[in-house]
1. Between residue 73 and residue 170, what length comes free when the chain is fully extended (0.36 nm per residue of separation minus the Cα-Cα distance, one decimal in nm)?
2. Take the Cα atoms of the chain, find their three principal axes, and give me the spread along each one in whole Å, biggest first.
3. Principal axis extents for the range 73-135, Cα atoms only, whole Å, descending order, please.
4. Against the longest principal axis of the chain, how steep is helix 139-163, in degrees 0 to 90 to the nearest 10, with axes from Cα atoms?
5. Give me the angle, in degrees from 0 to 90, between the Cα long axis of helix 98-133 and the longest principal axis of the Cα atoms of the chain, rounded to the nearest 10.
6. For a Förster distance of 35 Å, can you work out the FRET efficiency between the beta-carbons of residue 64 and residue 87, rounded to the nearest 0.05?
7. Set the Förster distance to 45 Å, then compute FRET efficiency between residue 14 and residue 124 from the Cβ-Cβ distance, nearest 0.05.
8. Under 17 Å from a point 7 Å along the Cα-to-Cβ line of residue 46: which residues of the range 54-80 have their amide N that close?
């Protein structure tokens, strides 16, 4: 049975004698010896709070400068992607089917890396705007915004580095 592109995981389900479909692909187990789920959850919550917090600061350039706004939009998209993967990681109990595992194991580092890069671009863009427009009359807000960008960069890097240390065990289930 060949499924549409992206649906190849359907080949891992086979019909048993009783008519029920049974998953026959590989399973992965997360080694949660050091409370990996809690640690990644805290880092994720802080990074999302930093992204949302930076959006709430009405710094110079956030209302009228595309080169400051576009990196922030990318940060928001990455925060949603990171949220999707981390929530699945935190709340899935037991084994991960291979297709979920592949999405999580690739999605968390990618989203956190792009989050850090877009926050860095946003930081640079905001500094350029602040230099060109003398802080747009909002020096304190601009400084707070720059600090929030540094926090976003930091948590994105921390999630990426921490997640690379997570250990998985592969279990085969072929029937």
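1. The residue 73-residue 170 span can extend by a further 31.3 nm.
2. Computed over the Cα atoms, the extents are 73, 38, 19 Å.
3. Sorted largest first, the three principal extents are 54, 16, 12 Å.
4. 20 degrees
5. It works out to around 10 degrees.
6. 0.55
7. 0.30
8. Within reach of a label on residue 46, which here means backbone N under 17 Å from a point 7 Å along Cα→Cβ, the range 54-80 contributes 54.
Every read-out reported here was derived from the displayed coordinates using simple, explicitly stated rules and does not represent laboratory data. All of these numbers come straight from a predicted model, not from anything done at the bench. Positions of Cβ are generated from backbone atoms using ideal geometry, with glycine treated the same way; all protein chains shown enter the neighbour counts.
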